[in-house]
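Bear in mind that the values in this text are calculations on the coordinates, not laboratory data. Source: prediction; values computed, not measured. Every residue, glycine as well, gets a Cβ built from its backbone with ideal geometry; the counts of neighbours run over all protein chains shown.
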Amino acid sequence: MPDPIIRAATADDVEPVLALWQAAADDVDRPADTSSAVHALMTRDPEALIVAEEARRIVGTVVIGWDGWRGHIYRLAVDPSYRGLGVGSRLLEAAEQRARDQGCVRIDAIVRDGNTLAHRIWTREGYERQARWSRWVKQLDA
Ligand SMILES: CC(C)(COP(=O)(O)OP(=O)(O)OC[C@H]1O[C@@H](n2cnc3c(N)ncnc32)[C@H](O)[C@@H]1OP(=O)(O)O)[C@@H](O)C(=O)NCCC(=O)NCCS
């Protein structure tokens, strides 16, 4: 049973995190990740990107964003060979604790309707799908 270190990511983690996302994240209908975007996130909030490290490898990630109003969870992903072992739950617990510590009382995640694998962990961890609301998205020009 893995017992990963759960910690904030550092600059050295950026490339391994991008590699993990390529192999493990749900990337449907979203722009490609870039190293500069991850560095920008870490500059804005050094504790937003949380990683699970096992045997010196990054095996899971989650991003907890706090804008002063709500908490948002992004990029929950676990290496396929480490799934079903509680790593995802550990990451979510860490993200929720970070949100609580900042005074956040409501938290959400954008979850693809077809991603039934993910629905299980969100449901088990107490998240409820809001059927009457949809996400409206606009891509901003640079
Ligand atoms: C969704 C995802 C992050 C879950 O990660 P995970 O590490 O497998 O999650 P957990 O191990 O905490 O929970 C998964 C299952 O393992 C079981 N589990 C949890 N802790 C366990 C433990 N200590 N021992 C054995 N099994 C355990 C859970 O019961 C759960 O099973 P369930 O489906 O019956 O609820 C992972 O499947 C993933 O990376 N998917 C692709 C990316 C993705 O879709 N991300 C979510 C975007 S919204």
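Which length gain, in nm to one decimal place, applies between V111 and A55 when the Cα-Cα distance is subtracted from 0.36 nm times their residue separation?
Length gained, V111 through A55: 17.2 nm.
Using +1 on the beta carbon of Lys and Arg, -1 on that of Asp and Glu, and nothing else charged, what's the dipole of the stretch 5-124 about the Cα centre, debye to 20?
Rounded to the nearest 20 debye, it is 340 debye.
Using every alpha carbon pair in the stretch 51-93, what percent of pairs falls into each 5 Å bin from 0 up to the bin containing the largest distance?
Each 5 Å bin holds this share of Cα pairs: 6, 23, 30, 19, 11, 7, 4, 1.
In percent, what relative contact order does the stretch 5-124 have, based on Cα pairs under 8 Å that are 6 or more apart in sequence?
Averaging sequence separation for qualifying contacts and normalising by length gives 24 percent for the stretch 5-124.
For the stretch 59-88 and the stretch 92-142, compute the distance between their C-alpha centroids and round to whole Å.
10 Å
For D27 and T10 in the same chain, what is the full-extension length gain: residue separation times 0.36 nm, less their Cα-Cα distance, in nm?
Result for the pair: 3.8 nm of gain on full extension.
In nanometres, what is the gap between the two model label sites at D67 and A142, each 7 Å from Cα along Cα-to-Cβ?
2.3 nm
Which GluC sites (Glu not before Pro) from the stretch 32-125 combine a DSSP loop assignment with at most 12 other Cβ atoms within 10 Å?
none
Could you calculate the FRET efficiency of S35 with R100 from 1/(1 + (r/R0)^6), where r is the beta carbon distance between them and R0 is 30 Å, rounded to 0.05?
So the FRET efficiency works out to roughly 0.50.
One quarter of the convex hull surface, Cα atoms only: what value does that give for the chain in nm²?
Over all viewing directions, the chain projects a mean Cα-hull area of 9.0 nm².
What fraction, in whole percent, of alpha-carbon pairs in the stretch 85-142 exceed 13 Å separation?
70 percent
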